[in-house]
Amino acid sequence: MADIAEQNRLKTLLRERLLALDGVTLLGAQEAPHIVNLAVAGLRSQGLINALQDRGFCVSAGSACSKGHRSHVLEAMGVLPEHIDGSIRVSLSNETTEAEINAFAEALPQVIQSLR
């Protein structure tokens, strides 16, 4: 139970940091304590994944319900196609630290700028 509470705290911190970034959109209800799904306007998932991986961050494309194709769940939710195509999923674990959340939130704007 403590792990879930900590994941929720870290997810809230991450969401707050992401919402402060220009062009970042959070997707979905964000109810899972360990997942944040986001999109960056005008950028594709694979570019974000590659650039973040180069900085030591592992994220996934789209949503858990899509594997190699546009998520039918995000489509059904009414998410714009450009957001679906540029969505990434950040997953937290019981080993995720606040320092890692802060590092990711600081790296993402640099990644966005480098890809534009």
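Below are the figures for this structure:
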| read-out | value |
| --- | --- |
| Close pairs (7 angstrom Cβ cut-off, 6 or more residues apart or separate chains): in contact (Cβ under 8 Å) with a residue 24 or more places away in the chain in the range 86-112, charged (D, E, K, R) and part of a helix (DSSP H, G or I) anywhere | L92/K11; N94/D3; A105/R17 |
| Residue identified as open to solvent by less than 50 Å² (accessible area, probe 1.4 Å), under 14 Å from the mean Cα position of the chain (by Cα) and more than 20 Å from E16 (Cα to Cα) among A51, A107, A39 | A51 |
| Considering residues of the range 1-36 that are among the hydrophobic types (A, V, I, L, M, F, W, C), open to solvent by less than 30 Å² (accessible area, probe 1.4 Å) and in contact with a strand residue (DSSP E or B) (Cβ under 7 Å, 6 or more places away or on another chain) only, the residue nearest to C58 (Cα to Cα) | V36 |
| Verdict on E82 being open to solvent by 30 Å² or more (accessible area, probe 1.4 Å), in contact (Cβ under 8 Å) with a residue 12 or more places away in the chain, closer than 15 Å to R17 by Cα and acidic (D, E) | no |
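Yes/no per residue for (1) at positive phi; (2) in contact with a Ser or Thr (Cβ under 9 Å, 6 or more places away or on another chain); (3) of a type outside the set (G, A, S):
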| residue | (1), (2), (3) |
| --- | --- |
| A5 | no, no, no |
| Q30 | yes, no, yes |
| H34 | no, yes, yes |
| G42 | yes, no, no |
| S60 | no, yes, no |
| S71 | no, yes, no |
| L80 | no, yes, yes |
| V90 | no, yes, yes |
| A99 | no, no, no |
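The values are calculated or read from the model by the stated rules, or taken from the named source; none is laboratory data. Here the structure is a predicted model, which means the values were calculated and not measured. Using ideal geometry, Cβ is built from the backbone for each residue, glycine included, and neighbour counts are taken over all protein chains shown. Protein only, heavy atoms only, side chains kept; ligands, DNA and RNA dropped before computing areas. Shrake-Rupley method; radii C 1.70, N 1.55, O 1.52, S 1.80 Å.
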